[in-house]
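Structure first, then comments.
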Amino acid sequence: VQLKESGGGLVQPGESLRLSCTADDKIFSIYHLGWFRQAPNKQRELVASITTDGDTVYADSVKGRSTIARDNAKNTVYLEINHLKPDDTAVYYCLGTADGVENWGQGTLVIVSS
């Protein structure tokens, strides 16, 4: 499956952003999905994930100001982050996992700066 992220860009601190990740697989509903991010000179880290049943997990750094959601009919997973901080600056990647196989998108850059 190919995953394609969109929605990144330059935003000011305190603003909100919604990222989208769309898959080309018609059986999108079987995938566990996640958003990861990688800041300059840092390791890639999990931001949020959502299972096929809709159970969600969030990193402490975004908990309470972030929402992950999936729309299986649109083959899309979303990540919304509110009250953005400069520390949220990173390349955001989408991950889809099914049957032990990981599929990564190419990433979308988010820069939080005034």
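The values are calculated or read from the model by the stated rules, or taken from the named source; none is laboratory data. If you're wondering where the values come from, they're calculated on a predicted model, not measured in any experiment. A quick note on method: Cβ atoms are made from the backbone with ideal geometry, for glycine too, and the neighbour counts reach across all protein chains shown. Remember, those area values only see protein heavy atoms, side chains included, never the ligands or the DNA or RNA. Shrake-Rupley method; radii C 1.70, N 1.55, O 1.52, S 1.80 Å.
Within the set of pairs 6 or more residues apart or between chains, which connect a residue that is in contact (Cβ under 8 Å) with a residue 40 or more places away in the chain inside segment 12-24 to a residue that is part of a loop (DSSP other than H, G, I, E, B) and of a type in the set (Val, Ile, Thr) with Cβ atoms less than 9 Å apart?
Matching pairs, first to second residue: 23/1; 24/1.
State yes or no: is residue 45 in contact with a Lys or Arg (Cβ under 8 Å, 6 or more places away or on another chain), in contact (Cβ under 8 Å) with a residue 60 or more places away in the chain and charged (D, E, K, R)?
So residue 45 fails the test.
Tell me, please, whether a residue that is open to solvent by less than 50 Å² (accessible area, probe 1.4 Å), closer than 17 Å to residue 103 by Cα and of a type in the set (A, V, I, L, M) can be found in segment 68-75.
No, because not a single residue in segment 68-75 is open to solvent by less than 50 Å² (accessible area, probe 1.4 Å), closer than 17 Å to residue 103 by Cα and of a type in the set (A, V, I, L, M).
From the residues in segment 1-25 that are of a type in the set (S, T, N, Q) and open to solvent by 40 Å² or more (accessible area, probe 1.4 Å), which one is nearest to residue 112 (Cα to Cα)?
Applying the filter and picking the extreme gives 12.
Is there a residue being closer than 12 Å to residue 81 by Cα, in contact with a Pro (Cβ under 7 Å, 6 or more places away or on another chain) and in a loop (DSSP other than H, G, I, E, B) anywhere in segment 2-24?
So far as segment 2-24 goes, yes, one or more of its residues are closer than 12 Å to residue 81 by Cα, in contact with a Pro (Cβ under 7 Å, 6 or more places away or on another chain) and in a loop (DSSP other than H, G, I, E, B).
State whether the residues of segment 76-93 include one that is crowded, with 17+ Cβ neighbours inside 10 Å, of a type in the set (Gly, Ala, Ser) and under 14 Å from residue 33 (Cβ atoms).
no
So which residues in segment 62-74 are over 11 Å from residue 33 (Cα atoms) and either under 14 Å from the mean Cα position of the chain (by Cα) or without any contact (Cβ under 8 Å) to a residue 24 or more places away in the chain (or both), if there are any at all?
62, 63, 64, 65, 66, 67, 71, 73 - these are the residues of segment 62-74 that are over 11 Å from residue 33 (Cα atoms) and either under 14 Å from the mean Cα position of the chain (by Cα) or without any contact (Cβ under 8 Å) to a residue 24 or more places away in the chain (or both).
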